[in-house]
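S.K.: The structure's right below; bear with me while I get my questions together.
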Amino acid sequence: MARLVIVSNRVAVPEDGSKAVAAGGLAVAVKEAFTAYEGLWFGWSGNVVEDPSTEPTVIDRGRVQYAVVDLSPQDHREYYSGFANRALWPIMHYRLGLGAFSRSDYAGYQRVNRTFARTLARLIEPDDLIWVHDYHLLPLASELRGLGIANPIGYFHHIPWPAADVFNTLPASTDLLRAIADYDLIGLQTDPDVHNLSRNLIDELRAIPLGGGSLMVDGRRTRIRSFPIGIDVAGFKEAAENAGANKTVRETMAGLRTRKLLIGVDRLDYSKGVPERMEAVERFFASNPDQRGNVVYIQITPKSRTEVQEYEELSREVNETVGEINGSLGEPNWTPIQYVTKAYPRPVLAGLYRAARVGLVTPMRDGMNLVAKEYVVAQSDEDPGVLVLSKFAGAARQLPEALLVNPYDRFEVAEAIRTALYMPRSERLERWKPMVERMTREDVDWWARNFLSDLENFRTIEREPPRT
Ligand code: G6P
């Protein structure tokens, strides 16, 4: 079998014997998809050092080799915190008001992509399939092609691809559209994302549609398709079934006594709608005073990108919101919102999902959202809970039996919480069954297999000589 080379900004190097919790959906999903392949995973080490070496650190872990590089403080500031997370992230999530474009950040983003390409090119073998992940690395294929790499190169975008009028507000938008067309295959989470990017390429770069998702852009052929990312269903189910043995889960459940549990699990990110969700829960208690004392909401929110100003402000906002709601509604023997910023490993999360009558997944915008899928899979077939899901999460397209809500409307979310809490078991089962069956069919292996078999087809396509 050909070697698979994965490239992503964040690399989940398994530390022997460690229980480290990987941050974010990408690292978790790619790690799980990779278990079936042999190959190399290349990216940032997570370390920031003065004068980083251009030689990667290579770590062997059985069938998978990890090659990681450090970033300088300037690279980290401009490429990662700056352009990737203060310009691309908000715009891809439709948050124009939060976007902060700076020319020096963009130059840093291009520079790091060029350095990554130079380091990676030395590790590539002629038969390798190259699979690049996420918005940090949009120009990577373009840089690799410039160095003469002719292997099939695929790209998967884990976050939303916005409508052209939103994306094109980014001063570097045309550059980035040109660069992305250097990938052979571009995978997006949903069909609307595919539509947005394809239309943009057609309108801005005069790309010619060739049918079946293929486009000719500047004389090069690329293909755009949706591949909704899945989860490790077998592993998650097993973790949920065995979670009773876990001390944190046992003690949390004992602490609940007869109270019903609402759960939310998200990285602390403005795209996740955490303060808005808390206000919806407050609304729920305001209009259902008989439920005060009977329902507890646990929100688990590990901190993220703390060096970025908007994340720091969000952290303050959430702290204030929790304080205000608990202060005004709480009683000495009842705290409505339990807010924790620690990251928990899978056995704990799976157990808490299973114990929760309602899973609250209400992002303002999300590429997919794997928590929604994990919550569904963690439920017992005896007495499943109810998923309240934002219609602006990619997952809503595969989970239409959830209670779909508009996260901007806290009255609607409050009403859905009430419906979920009162929903009879028969209806809960009826909604849950098709969802868990779909999640089982469309799991993380299905996602990786589909993408890679499509990418394999590009071996047979004749290539143009590299651009100089
Ligand atoms: C999202 C992104 C990933 C990213 C993760 C965590 O899931 O799609 O690319 O790795 O968030 O964010 P961080 O900035 O910590 O890598």
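S.K.: I want to confirm something. Restricting to the stretch 293-310 and keeping residues that are in contact with a Lys or Arg (Cβ under 9 Å, 6 or more places away or on another chain) and among the β-branched types (Val, Ile, Thr), which single residue is farthest from Lys260 (Cα to Cα)? Spell out how you get there, then give the answer.
M.R.: Going residue by residue through the stretch 293-310, those that are in contact with a Lys or Arg (Cβ under 9 Å, 6 or more places away or on another chain) are 293-297, 299-305, 307-310.
Now drop any that are not among the β-branched types (Val, Ile, Thr), which leaves 295-296, 300-301, 308.
Working: Val295: 5, Val296: 6, Ile300: 17, Thr301: 20, Val308: 36 Å.
So the residue we want is Val308.
S.K.: Would you say Asp182 is within 25 Å of Met368 (Cα to Cα) and outside any helix (DSSP H, G or I)? Before you say what the answer is, go through the steps one by one.
M.R.: Values: within 25 Å of Met368 (Cα to Cα): yes; outside any helix (DSSP H, G or I): yes.
Criteria met by Asp182.
S.K.: Still on this structure, please answer the following. For the list (1) without any contact (Cβ under 8 Å) to a residue 40 or more places away in the chain; (2) within 16 Å of the ligand (Cβ to nearest atom), I need the number of the one condition that Lys272 fails.
M.R.: In the conditions (1) without any contact (Cβ under 8 Å) to a residue 40 or more places away in the chain; (2) within 16 Å of the ligand (Cβ to nearest atom), Lys272 misses (1) alone.
S.K.: If you don't mind, there's one more thing I want to ask. Are any residues in the stretch 222-240 assigned to a helix (DSSP H, G or I) and either touching a residue at least 60 places away in the same chain (Cβ under 8 Å) or of a type in the set (A, V, I, L, M, F, W, C) (or both), and if so, which ones?
M.R.: The initial filter retains those residues of the stretch 222-240 that are assigned to a helix (DSSP H, G or I), namely 233-240.
Within the stretch 222-240, Val233, Ala234, Gly235, Phe236, Lys237, Ala239, Ala240 meet the criteria.
S.K.: If you go through the stretch 112-119 one residue at a time, do you hit one that is in contact with a Gly (Cβ under 7 Å, 6 or more places away or on another chain), in contact (Cβ under 8 Å) with a residue 60 or more places away in the chain and more than 16 Å from the ligand (Cβ to nearest atom)?
M.R.: No, the conditions are met nowhere in the stretch 112-119.
Residues are listed down the side, and each one gets a yes or a no for (1) within 12 Å of Arg225 (Cβ to Cβ); (2) surrounded by 19 or more Cβ atoms within 10 Å (Cβ to Cβ); (3) out of contact with any strand residue (DSSP E or B) (no Cβ under 7 Å at 6 or more places or on another chain):
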residue: Ile159; (1), (2), (3): no, yes, yes
residue: Pro162; (1), (2), (3): no, yes, yes
residue: Thr169; (1), (2), (3): no, no, yes
residue: Thr174; (1), (2), (3): no, no, yes
residue: Asp191; (1), (2), (3): yes, no, no
residue: Val194; (1), (2), (3): yes, yes, no
residue: Asn200; (1), (2), (3): no, yes, yes
residue: Glu204; (1), (2), (3): no, no, yes
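S.K.: Before we move on, is Ala2 crowded, with 17+ Cβ neighbours inside 10 Å and either modelled with pLDDT of 95 or more or not hydroxyl-bearing (Ser, Thr, Tyr) (or both)? So that I can check it myself, show each step before the final result.
M.R.: Values: crowded, with 17+ Cβ neighbours inside 10 Å: yes; either modelled with pLDDT of 95 or more or not hydroxyl-bearing (Ser, Thr, Tyr) (or both): yes.
Against the criterion (crowded, with 17+ Cβ neighbours inside 10 Å and either modelled with pLDDT of 95 or more or not hydroxyl-bearing (Ser, Thr, Tyr) (or both)), Ala2 qualifies.
S.K.: Also, quick follow-up: Report yes if some residue within the stretch 55-77 is loosely packed, with under 14 Cβ neighbours inside 10 Å and in contact with a Leu (Cβ under 9 Å, 6 or more places away or on another chain); otherwise report no. Walk me through how you get there before you give the answer.
M.R.: Taking the stretch 55-77 and keeping what is loosely packed, with under 14 Cβ neighbours inside 10 Å, we get 55, 57-58, 60-63, 73.
Within this subset, residues satisfying the condition of being in contact with a Leu (Cβ under 9 Å, 6 or more places away or on another chain) are 58.
Checked the stretch 55-77: at least one residue is loosely packed, with under 14 Cβ neighbours inside 10 Å and in contact with a Leu (Cβ under 9 Å, 6 or more places away or on another chain).
S.K.: Here is a follow-up. Test Pro14 against the stated conditions and say whether it is in contact with a strand residue (DSSP E or B) (Cβ under 8 Å, 6 or more places away or on another chain), over 27 Å from Asn450 (Cα atoms), of a type outside the set (Ser, Thr, Tyr) and more than 15 Å from the ligand (Cβ to nearest atom). Before you say what the answer is, go through the steps one by one.
M.R.: On the way: in contact with a strand residue (DSSP E or B) (Cβ under 8 Å, 6 or more places away or on another chain): yes; over 27 Å from Asn450 (Cα atoms): no; of a type outside the set (Ser, Thr, Tyr): yes; more than 15 Å from the ligand (Cβ to nearest atom): yes.
No.
S.K.: Just to be sure before I move on: is Ser328 touching a Lys or Arg at 6+ places or on another chain (Cβ under 6 Å), of a type in the set (Ser, Thr, Tyr) and not in a loop (DSSP other than H, G, I, E, B) in the structure I sent?
M.R.: On the way: touching a Lys or Arg at 6+ places or on another chain (Cβ under 6 Å): no; of a type in the set (Ser, Thr, Tyr): yes; not in a loop (DSSP other than H, G, I, E, B): yes.
The answer is no for Ser328.
S.K.: Which of the residues spanning the stretch 339-364 are buried (at least 22 other Cβ atoms within 10 Å of the Cβ) and within 16 Å of the ligand (Cβ to nearest atom)?
M.R.: Leu349, Val361, Pro363
S.K.: For the stretch 35-52, which residues satisfy the criterion of being buried (at least 18 other Cβ atoms within 10 Å of the Cβ) and within 15 Å of the ligand (Cβ to nearest atom)?
M.R.: Answer for the stretch 35-52, where residues must be buried (at least 18 other Cβ atoms within 10 Å of the Cβ) and within 15 Å of the ligand (Cβ to nearest atom): Trp41, Phe42, Gly43, Trp44, Ser45.
S.K.: Now for a separate question. Could you list all residues from the stretch 185-221 that are assigned to a strand (DSSP E or B) and farther than 21 Å from Arg397 by Cα? It would help to see each step written out before you state the result.
M.R.: Narrowing the stretch 185-221 to residues assigned to a strand (DSSP E or B): 185-188, 208-211, 214-217, 220-221.
Within the stretch 185-221, Leu185, Ile208, Pro209, Leu210, Gly211, Ser214, Leu215, Met216, Val217, Arg220, Arg221 qualify.
S.K.: Then there's this: Being at pLDDT 95 or above, in a strand (DSSP E or B) and either buried (at least 22 other Cβ atoms within 10 Å of the Cβ) or within 16 Å of the ligand (Cβ to nearest atom) (or both) narrows it down to one residue among Tyr109, Tyr155; which is it?
M.R.: On the way: Tyr109 fails: in a strand (DSSP E or B).
It is Tyr155.
S.K.: I would also like to ask the following. Please enumerate the residues belonging to the stretch 57-81 that are within 16 Å of the ligand (Cβ to nearest atom) and in contact with a Ser or Thr (Cβ under 7 Å, 6 or more places away or on another chain). Let's see the steps before the verdict.
M.R.: Applying the first criterion (within 16 Å of the ligand (Cβ to nearest atom)) to the stretch 57-81 yields 66, 68-71, 75-81.
If the condition is that a residue be within 16 Å of the ligand (Cβ to nearest atom) and in contact with a Ser or Thr (Cβ under 7 Å, 6 or more places away or on another chain), then Val68, Val69, Asp70, Glu78 are the ones that fit.
The values are calculated or read from the model by the stated rules, or taken from the named source; none is laboratory data. It should be emphasised that the depicted structure is a prediction, and the values quoted were computed from it without experimental measurement. With ideal geometry, Cβ positions are generated from the backbone for all residues, glycine too; neighbour counts draw on all protein chains shown.
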